[in-house]
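In what follows, a single structure is set out as structure tokens and then discussed.
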Amino acid sequence: MKDSLLIVLFFVLGLLASYFNFIPDILLQKDLSTYILYLLMFVVGIGIGGDKNAFNVLRKVNLKILLVPITVIIGTLGAVIIFSWFVPDLTMQESAAVGAGFGYYSLSSLLISEMHSETLGTIALLANVMREIITLIFAPALAWAFGKLAPVVSGGATAMDTTLPIITKVSGTDYGLLALFFAIMVKLFIALCLTLLINSCSFINKPLIERLKELPGVVSVEEIKLDSNFVQQFELYFEQPLDHNNPMLGHFNQRVIVSNIALNKPVVAVLEGYHIWNGKREELTQIINANQVNIEHRFFKDSKPDSIPWEKLTIWQAATDQHLIINSLQQIYNQPWVSTGISKGGQTTMYHRYFYPADVSASVAYVAPLNFAREDTRIYDFLNSVGSDEDRKRIYDFQCLCFENFEMLLPLLKQKSIENSWQFDLGFEKTLQYSILEYNFAFWQWGRFASDEIPGKEATYENLFNHLNAVSGFTFFEARDVEQNRPFFWAALTEIGMYGYQTEPFKEYLGQSADLNFEFTLPEGTTPEFQANKMQEVKNFLDTEAKNMFFIFGGLDPWGATSYNPSGKNNLVRMILPNGHHGTRIKDFPKNDREYLYALLEEWMQIKINDPFKEN
């Protein structure tokens, strides 16, 4: 007891002497404390190594007694970690480092002060001195309340010296041997593991940009600013193998944007189906008040090698990219994660969840089709029944009108191409044919016009041309856009499927070119086969094993024709906005539907959501 009070007394004297400048400058140098630390570690080694009785104790001990120090170490660290949840200024690692002193205040406080901070070192000193004092004062009460082992456990590292007399007095001499063994094992743990805990604290306290740089796979980090809703944003590049089954084949760098608000917030992983569009806050991020991680898809824009090995562009390779990035970032962001994506990003979200279901707590997939063929005919059935008979007739009549005036529209396309420097590898005639056939799908996908706004026979050629461009978009077939989106077309024509065109109703206009498809988008010299089994495997997973997934669709979007319909065997949910299109979002749904989704996310992620769209 007297020794413990002397330790505290000298600590207070040191504080006062330093505060009133009574200490020579040489004693305040950081190197001196380092040398003292080295000396102390040396003395600890001498103390343990030179104690012949300690080794005798170890030789005689029953292996079952090993459970005592093991369970105490686990219990102590678990308790201080739980304690850290209630102290915002103390991280889990810092709390564990303090608790890992186990009463060995001379070593733990100096080690923590040197390797982490004097503040935490002071906390460690006081906490571990108090552990010894509590044992000396309350050993009888501890033995009475919790059994004779309690004073040994409370004494920690001091059970072999300062608190040993009170332990043997209260618990009996039989517990003296156990106390010696227990203290030896605890001291060994402190010497071997405390440094690791402190190093993890140092990592936690580094600036976020420095921590990001140290993550596995990261090759570069740059702070950027794209959206003021976030406190910090960083552009990262991760090195990825071209083939995760054969890393020797080569690598490419994959672009990621990390948008931070706070480390204790959940994370939205935006799994892009293409390149990263803008890095701004997504709807789901706003809803759950989260950090955001945008992962650019492999082989798009800034995430591709000089020469693309197309056979390595598969849903598994892409999902494994995302898996490695998420696992790496979870070393910093350890709160619940939810994955999300829109359109092909929604598909990407499904595929990632299929291959790596444990990476995230939940998933929200927007307008994510699940196609079972290169050209899924369910889309044709949808287009032949969506809307009213009058709507569909106006669309068909407009397409026929464009074909009937084909020769008048062709010069307008050529002139527009000159003005915008467009190039069409298909040629102008084919491009115009494709654009007219695209009109039906694009009209319903985007919903930018009502059917009564479709030009009729009285319209000028310019009106027909401008409306066709506004809906179908000639640039969809422009050489640069095709090249930029070639990875999408490769995926669609090999694994994930898409749509095609119903040419039969327009055969009189198309003649010999009636068989129009998207094979022209494939890389030159490639003729891949469609792997029809891939999407069926994904469906089987969704039907049986998947959990905590939410699918959002617009009822008028043709991609909804191939949407996944939950089997009812698990907790997957699909929500459809009847008059919604491809831009359908959570905010567009009625309040009751939004609250239903929020309740699911709260349950799945153990978070609390305040609806940001209450006024809707």
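Observations, loosely collected:
- Neighbour net charge for residue 309 - beta-carbon separation under 15 angstrom, K R +1, D E -1: -1
- The H on the amide N of residue 224, modeled in the peptide plane, is under 5 Å from the matching H of 233, 234, 235, each at least 5 residues off or on a different chain.
- For residue 266, net neighbour charge (Lys/Arg +1, Asp/Glu -1) across residues whose Cβ lies under 15 Å away: -2
- Over 21 Å between alpha carbons, listed pairs 344/416; 280/301; 213/301; 280/344: 344/416; 213/301
- 15 Å Cα-Cα reach of residue 169 towards aspartates and glutamates, excluding residues that sit fewer than 8 places from it in its own chain: 161
- Solvent-accessible surface ranking, highest first, for 70, 257 at 1.4 angstrom: 70, 257
- R0 of 35 Å, Cβ-Cβ distance residue 508-residue 302: FRET efficiency to nearest 0.05: 0.15
- Taking other residues whose beta carbon is less than 14 angstrom from the beta carbon of residue 393, and scoring Lys, Arg as +1 and Asp, Glu as -1, yields -2.
- Listed peptides 384-392, 595-603, 283-291 by packing density, highest first (mean Cβ within 10 Å): 283-291, 595-603, 384-392
The values are calculated or read from the model by the stated rules, or taken from the named source; none is laboratory data. In this text, all values refer to a predicted model and were calculated from it rather than measured experimentally. FYI the Cβ positions are ideal-geometry reconstructions off the backbone, even for glycines, and counts take in every protein chain you see. Protein only, heavy atoms only, side chains kept; ligands, DNA and RNA dropped before computing areas. Shrake-Rupley method; radii C 1.70, N 1.55, O 1.52, S 1.80 Å.
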